[in-house]
Amino acid sequence: MTFRLEDHWAWDSWLADDGENYHLFYLRADRSLKDPQKRHHRASIGHSVSPDLEEWTHLPDALTAAEGPAWDDLATWTGSTVQGPDGRWHLFYTGVSRAEDGLQQRIGSAVSDDLVSWTRSGRPPLEADERWYEKLGAGTWPDEAWRDPFVFFDEDTNLWHMLITARAATGDPAQRAVVGHATSPNLEDWEIQPPLSAPSGFGEMEVLQTREVDGEFVLIFSCLPENAPGIPASKHHTGTWIARGQSLLGPWTIETGSPFFIPGIYAAQLFRKRDGQWVLFGFGNSVDGEFTGEIIAPIPLTELLKGQPIFPPNAPQ
């Protein structure tokens, strides 16, 4: 069942599982704005729960813009939700401020014992490190890209890792997108690291996600055709891309990545259900030329692949 709010648009989304219910977190803004482009500076992080990813109960927003002045007093954007070893939940999210007209992005976190009531951590937010990442003052892009944190634990390194939508400090201004990176031993103390990729033809790589699916390591991200000048026009069938990786931390063959599965669906996410089944979901960015503000019902990956491997045998390595 498509996820639709009657009075609000819903777009970027991510899931968490408490063992009983699936928790859907998503960006939302009032449809009374009329112009979908205005939604970004009115976004809050909505929250709904479901036992089966079909029937949803809506809960109060997980996070809204902070009382100003603050680094996130204009809007709260995309993130991810993980459970620490002590059982507490951590919601990592993007924030933008009124002071900078929403042009500089930072990453912060909130904690919860029940996935419903969230408290901001109070720690300074993570900011792009100018040693490796483009800053707002460079003037090569409309805003400072440092958003969409995707957090996971990696057993090989015994660290928590954060993938971040970011841009390199140097290179062709139209094609500087990289996989930003930060690490933490405890989900609280984070250290900015060099990017995990080099620029590969994209101006931005949004809502990054790394997964291991059926023995294949994959990187999924979104980029609209107009922001991918280094990619042949013949490959622009959708805004979501997939690239093969050698591990959860790459390297990935981003330059030979492929459009992924569902035309018109943006910010696609892969999620593994309790029964082990992988599903894909995202929002309708352009359906018959219209922004719908709806999140598609999760589709089993097996249905999308129809018995074919994620990467055909002759796909680029």
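A compact table of results
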item: Criterion (among the basic types (Lys, Arg), part of a strand (DSSP E or B) and surrounded by 15 or more Cβ atoms within 10 Å (Cβ to Cβ)) met by exactly one of 39, 28; result: 28
item: Where a residue in segment 77-98 is free of Cβ contacts under 8 Å to residues at least 12 places away in the same chain and its partner, wherever it lies, is assigned to a loop (DSSP other than H, G, I, E, B) and open to solvent by less than 10 Å² (accessible area, probe 1.4 Å), with Cβ under 9 Å and at least six apart; result: 85/187
item: Identity of the residue in segment 110-133, in contact (Cβ under 8 Å) with a residue 60 or more places away in the chain and hydroxyl-bearing (Ser, Thr, Tyr), that ends up surrounded by the most Cβ atoms within 10 Å (Cβ to Cβ); result: 133
item: Per-region count, segment 188-224, residues surrounded by fewer than 15 Cβ atoms within 10 Å (Cβ to Cβ), of a type in the set (Asp, Glu) and at pLDDT 95 or above; result: 4
item: Test result for residue 47, of a type outside the set (Gly, Ala, Ser) and open to solvent by 20 Å² or more (accessible area, probe 1.4 Å); result: no
item: Considering residues of segment 277-289 that are among the small types (Gly, Ala, Ser) and open to solvent by less than 30 Å² (accessible area, probe 1.4 Å) only, the residue modelled with the highest pLDDT; result: 282
item: Subset tally (residues that are part of a loop (DSSP other than H, G, I, E, B) and either of a type outside the set (Ser, Thr, Tyr) or modelled with pLDDT of 95 or more (or both)) for segment 1-25; result: 9
item: Test for residue 94: is it within 17 Å of the chain's Cα centre (by Cα) and β-branched (Val, Ile, Thr); result: yes
item: Subset tally (residues that are at pLDDT 95 or above and of a type outside the set (A, V, I, L, M, F, W, C)) for segment 246-268; result: 4
item: Matching residues, segment 42-58, being touching a strand residue (DSSP E or B) at 6+ places or on another chain (Cβ under 7 Å) and either farther than 18 Å from residue 77 by Cα or part of a helix (DSSP H, G or I) (or both); result: 42, 49, 50, 53, 56, 57, 58
item: Where residue 61 falls short, out of the listed (1) without any contact (Cβ under 8 Å) to a residue 40 or more places away in the chain; (2) open to solvent by less than 30 Å² (accessible area, probe 1.4 Å); (3) part of a strand (DSSP E or B); result: (2)
item: Cross-chain or 6+ apart pairs with Cβ under 8 Å, segment 293-312 first and at pLDDT 85 or above, then charged (D, E, K, R) and open to solvent by less than 70 Å² (accessible area, probe 1.4 Å); result: 293/31; 293/39
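Residue-by-condition table, conditions (1) within 24 Å of residue 267 (Cβ to Cβ); (2) open to solvent by 20 Å² or more (accessible area, probe 1.4 Å); (3) at pLDDT 95 or above:
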position: 135; (1), (2), (3): no, yes, yes
position: 138; (1), (2), (3): no, yes, no
position: 147; (1), (2), (3): yes, no, yes
position: 159; (1), (2), (3): no, yes, yes
position: 169; (1), (2), (3): no, yes, yes
position: 176; (1), (2), (3): yes, yes, yes
position: 181; (1), (2), (3): yes, no, yes
position: 185; (1), (2), (3): no, yes, yes
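The values are calculated or read from the model by the stated rules, or taken from the named source; none is laboratory data. Just so we're clear, the structure is a prediction, and the values are computed from it rather than from any experiment. Using ideal geometry, Cβ is built from the backbone for each residue, glycine included, and neighbour counts are taken over all protein chains shown. Side chains are part of the model used for accessible areas, which takes the heavy atoms of the whole protein and leaves out ligands, DNA and RNA. Shrake-Rupley method; radii C 1.70, N 1.55, O 1.52, S 1.80 Å.
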